[in-house]
1. Out of segment 180-199, which residues are at pLDDT 75 or above and part of a loop (DSSP other than H, G, I, E, B)?
2. CYS191 is checked against (1) under 18 Å from VAL135 (Cβ atoms); (2) surrounded by fewer than 10 Cβ atoms within 10 Å (Cβ to Cβ) and fails just one. What number does that condition carry?
3. Can you name every one of the strands (runs of 3 or more DSSP E) wholly within segment 23-114 that holds 1 or more residues which are loosely packed, with under 10 Cβ neighbours inside 10 Å and either modelled with pLDDT under 75 or in the same structural domain as LYS150 (by TED's automatic domain parsing) (or both)?
Amino acid sequence: MLSNNSQLTESQIFQLQDEQFATWLRTHVSTITNLFSLAKLLYACHYVILVYCSLMYIIYKVYQIRRSAAKSLSSLSLGPERKVKCYNEYFVNGYVFHTEEYGHGRKTYNNGVCVKGSTRSELEVDYYGRLEEVVELQYHSEQNRVFLFKCYWYDTTDRGIRVDPHYGLVEINSKARLRNLNDVFVFAKQCQQVYYTYTPSFRKDR
């Protein structure tokens with residue numbers, strides 16, 4: 001007001017203040033209030049946009065997972081390809097396994113296989129055998145590969161296996177074979193490696 005009315009007297013300035021100051025103050029307060037409300041609105045919009053973007057990202061990732069899972073299930077439903085690959089050795093669970101034929105004559109013994117029982121009870125049975133073949137199954141997709149061990153399994157009954165009560169050593173009758181010969185394959189990831197050696201005994205089958 002003073003810059004626009006520099007020729008006014010002091011009494012006229014006070015009179016203008018009395019007449020216009022209240023209106024000027026209300027106008028500026030209203031402007032500041034509107035700016036503050038606008039800032040709150042922009043902050044709220046920013047938050048809404050952030051939540052919306054996060055939600056869309058989650059929806060997109062779920063869609064990708066479902067699409068990938070559907071593709072995997074679809075390839076599995078078609079069954080494995082007719083052609084399989086066979087190997088003489090395979091690394092799994094920290095062990096290098098050799099098939100019995102491939103390891104014949106070597107200084108190291110890498111074909112001993114053990115599959116731990118899954119019942120976790122007193123009746124649990126551990127299966128012991130020798131690795132005969134490593135088979136790779138392909139399910140119409142490079143990512144869907146399954147490795148199987150074909151094994152010669154020893155009899156798991158009292159006729160074939162005995163556990164020493166003092167030392168916990170497992171004695172196996174090498175001539176007693178598991179009777180269920182229709183189930184000779186196991187997943188490679190299930191297998192642990194064991195070493196077979198002859199025990200001090202007069203019997204030649206132990």
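The values are calculated or read from the model by the stated rules, or taken from the named source; none is laboratory data. Note that the structure is a prediction, hence the values are computed from the model and not measured. Cβ coordinates were reconstructed from backbone atoms using ideal geometry, including for glycine residues, and neighbour counts include every protein chain displayed.
1. Selection gives ASP183, VAL184, VAL194, TYR195, TYR196, THR197, TYR198.
2. Unmet condition: (2).
3. Those strands (runs of 3 or more DSSP E) span 89-92.
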